[in-house]
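Values in this text are rule-based calculations from the coordinates and carry no lab data. Predicted model, so just to flag it, every value in this text is computed and none were measured. Here Cβ is always computed from backbone atoms with ideal geometry, including for glycine, and neighbour counts include all displayed protein chains.
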Amino acid sequence: MHIPDSFIPLDQAAVYWIIAILFIARAVKWAKKGINENMLPLFGVLAAGIFVLQTINIAANLLIPVPMLTGVSWHVVGALLTAIIFGSPWAAVLLITMVLAVQSLFGDGGITVMGANILNMGILGGFLGYYSFIGLSKLKLNRDIAMFAGAWLSMILPAIALAFELWFAGTFPLKQGVLLMGIFQGIAGLGEGLITVIVFNAIIKARPDIVDENILKKESTAKVAVVGIIALMGLVIAAPFIASSNPDGLQQTAHIVVKDELNKMVSPITPLFPNYSIPGMGNVGKVAAILIGFCAILVISFGLTKLIKKG
């Protein structure tokens, strides 16, 4: 669901950047007091984990085997998972912003339109998903079910917003855009829900105090972070071999509604590592590129939050 540079004109992209910057500034302010010092290792590893998971597109028909979904894929976003673990949607805004910034080096989402991507995945995904989860939990719904529903909404509602954004940009027709993005991301939301529940339960099984507000969190999450890094390193190596080559929901929608014009919509910015690869190195180059991104987001997310806490 990463919008490329060519899909939104610069004047409209600037508006989304302004909105995003306002939210990022507020997220930084939240982080100064909202993230406990001992949670910083987990924040860094979660950001790196989401980066790696977003490099792995999964065939949509593995979730629901219907002909329409053949040739379409989806990937994790992780906004709700972040918001729940850190108890605030502002965490999702901050983390997704860092992930998107690194991903822009790989051509996964544009630089000029990054404000729109932050708005959709970090702000709308984080806030709508989190408060849907909170609302459903207050209705005494089972936590996993509430989490699954919140994760699903964190995918489909931003997708519909994206369809409106691209309609304003003159890129998509509204009805087709809303219909197709709603279908594709609605299916993706099922996978997002499953992964959110699985990962969240794995984390709290290791550290139940993370979500217990009555426990003073004195123990560092460094051990959990180390285990996470080791597990993710395996995923980094496997990513190029298990990722589907099918386009995601936004790319597939563009192929359907834009058609011949799609070839003319070339990004004006050349990424350093296009399509998560180092040209001319085959699968080794893909692993190396993802590893570079993994290390970069790990250092940036942990280091930046550390600086924020000290500032």
| Using +1 on the beta carbon of Lys and Arg, -1 on that of Asp and Glu, and nothing else charged, what's the dipole of the chain about the Cα centre, debye to 20? | 860
| note | Treating only Lys and Arg (+1) and Asp and Glu (-1) as charged, each at its beta carbon, one finds that segment 24-169 has a dipole about its Cα centre, in Debye to the nearest 20, of 500
| task | For segment 91-201, count the residues as N, evaluate 2.2 N^0.38 Å, and divide the Cα radius of gyration by that value, please. | result | 1.11
| query | If you bin the C-alpha pair distances of segment 1-58 every 10 Å from 0, what whole percents do you get? | reply | 17, 30, 38, 15, 0
| remark: D (µm²/s, integer) via Stokes-Einstein for segment 1-108, Kirkwood Rh across alpha-carbon pairs, 25 °C, 0.890 mPa s: value 157
| field | Axial C-alpha extent at least 27 Å, average Kyte-Doolittle at least 0.5 - helices from the chain (DSSP) | value | 10-34, 143-168, 174-206, 222-242, 282-310
| field | Cα convex hull volume per residue for segment 110-157 (Å³) | value | 53
| said: Rounded to two decimal places and with Rh computed the Kirkwood way over Cα pairs, what is Rg over Rh for segment 45-148? | reply: 1.01
| said: Can you give the local net charge around G115? Use residues other than it whose beta-carbon is closer than 14 angstrom to its beta-carbon, Lys and Arg +1, Asp and Glu -1. | reply: -3
| Tally Lys and Arg at +1 and Asp and Glu at -1 over the other residues with C-beta under 12 Å from the C-beta of Q54: what net charge comes out? | -3
| task | Could you pull out every residue, at least 5 positions away or on a different chain, whose amide H is within less than 5 Å of the one on D248? Hs are placed 1.01 Å off N in the peptide plane, and Pro or chain starts have none. | result | S73
| request: Within the chain, what's the longest run with no trypsin sites (Lys or Arg not before Pro) in a DSSP loop and at most 16 other beta-carbon atoms within 10 Å? Give the range, please. | output: 1-139
| Selected from P240, N57, V224, residue furthest toward positive end of dipole (the chain; charges at beta carbon) | V224
| said: Run the helix sum for the chain: -39,500 (n - 2.57) per DSSP H stretch of 4+ residues, divided by residue count, reported at 222 nm to the nearest 500 deg cm²/dmol. | reply: -21500 deg cm²/dmol
| Projected onto the charge dipole of the chain (+1 at Lys/Arg Cβ, -1 at Asp/Glu Cβ, origin at the Cα centre), which of A14, G125, I111 gives the Cα projection farthest towards the positive end? | G125
| note | Read-out Rg and Dmax of the Cα atoms in Å, candidates [x] 18.7, 54; [y] 19.8, 75; [z] 18.5, 58; calculated match is [z]
| query | Taking segment 77-116 on its own, what percent of its Cα-Cα pair distances exceed 12 Å? | reply | 56
